[in-house]
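Working notes, structure below.
Read-outs throughout are calculated quantities, based only on the coordinates presented, and are distinct from any laboratory measurement. Quantities reported herein were computed from a predicted structural model and do not represent experimental measurements. Heads up, the Cβs are rebuilt from the backbone with ideal geometry, glycines too, and the neighbour counts pull from every protein chain shown.
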Amino acid sequence: MILVTGATGSIGTHLVRLLLDRGVPFKALVRDETRGRALGCDVVVGDFDDPGSLAAALAGADRLFLNAGGAQPVDGEQPMIRQQRAAIDAARAAGVSRVVKVSVWGAHQGGRLAEGAHWEIEEYLKASGLGWSILQPSGFMQNFITGAGAFTADGKLAGAYGDAPVSYIDCYDIAACAAALLTGSDGLGETYVLTGPRALTHAEIARELSAALARTVAYAELSPDELAAALRAQGLPERFADDVAVLSRQVATGSLEATTSAVRELTGREPRTFAQFLAANAEALRAGLVSTVH
């Protein structure tokens, strides 16, 4: 039995469908029962900040998909660290044999945004005595639908990476890799960097968006400081905006340009291209752009 956390998120919803299609026994931990029931699977209601609900959710489970918790600092603390550590502790107490954790490419001690938090959780998991596998994805293609600051107020694609390409990955492929690890025996003690098949610049992404939407999507190149200012104008925390600016400067050096073969190794197929992602999510993309422009 698998317990899926983060089941209503960008990765979790795909993982739920994949496990349902394969007839694999699993249940989903959700905070909102109504949203959970819409998944069409067995659900348990709980919260990472409620140890009792974690213990109840893990009863009978032998594998855990770990991908949830608050990502933005609250009063200087990264709540995801506390929350995922609690889940790891509960998994150990429940006799779980394997944890598949979603981290982030470039996780390291003291890293900005979630990079540092994920590193701390990775280290805690490795020292827990549990079997583990870690997925470190590149930037999500879904960020162009759901991500803060992806578009300007007038619908232009916003970018602060200059000409540096990024090997964005579809969350569907992250979920497929997780499904392979959760239902198989390979990959114990391994960390996988997950990328799409080709790195794209924001100018190239704007052209692909234009083709998918059958209208021109202009590209607005911002400086990291301009992007941070735009995020603050949207009401996002100042520290978050400042960290985005720092990371933007790093990505502009090509830090997310490489591609890996991990998706093919784990799933037996190539990862989705950006064009394939757009075709599968055209309706959501159009709706997202409409809600962005004001």
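For this structure, a couple of remarks:
- Mean Cα-pair separation over length for the chain, i.e. relative contact order, pairs under 8 Å, 6 or more apart, %: 17 percent
- Most positive-pole-ward Cα, Gln234, Phe274, Leu222, against dipole of the chain from beta carbon charges: Phe274
- Calculated FRET efficiency, Glu265 to Asp89, Cβ-Cβ distance, R0 = 25 Å: about 0.20 to the nearest 0.05.
- Working note: Debye formula, equal point scatterers on the alpha-carbon atoms of the stretch 2-137, no solvent; log10 I(q)/I(0) at q = 0.14, 0.16, 0.19 Å⁻¹ is -0.59, -0.78, -1.10.
- Counting only DSSP beta bridges with both residues in the chain, the antiparallel share comes to about 10 percent.
- Lys, Arg +1 and Asp, Glu -1 on Cβ, resulting dipole of the chain about Cα centre, debye, nearest 20: 640 debye
- Partner lysines whose Cα lies under 27 Å from the Cα of Lys101, excluding those fewer than 8 positions away in the same chain, are identified as Lys27, Lys126.
- Near Glu238: Cβ cut-off under 13 Å, other residues only, Lys/Arg at +1 and Asp/Glu at -1. The net charge is -1.
- Here the calculated FRET efficiency for Asp62 and Ala279, from their Cβ-Cβ distance with R0 = 30 Å, stands at 0.20, rounded to the nearest 0.05.
- Computed lengthening from Ala203 to Ala258, 0.36 nm per intervening residue step minus Cα-Cα distance: 18.0 nm
- Here each label is just a point 7 Å from Cα along the line to Cβ, and for Leu236 and Arg37 those points are 3.5 nm apart.
- Here the label points at Val246 and Arg22, each 7 Å from Cα along the C-beta direction, are separated by 3.8 nm in the simple model.
- With K and R counted +1 and D and E -1, the other residues having a Cβ less than 13 Å from that of Gly110 yield a net charge of -3.
- Each of Cys41, Cys177 was scored by other Cβ atoms within 10 Å of its Cβ. Listed from fewest to most, they are Cys41, Cys177.
- From phi via Karplus (6.51, -1.76, 1.60), per-residue ³J(HN,Hα) for the stretch 177-188 in Hz, x at Gly/Pro: 5, 4, 4, 5, 6, 6, 9, x, 10, 7, x, 5
- Residue order, fewest to most surrounding Cβ atoms within 10 angstrom, among Met1, Met80: Met1, Met80
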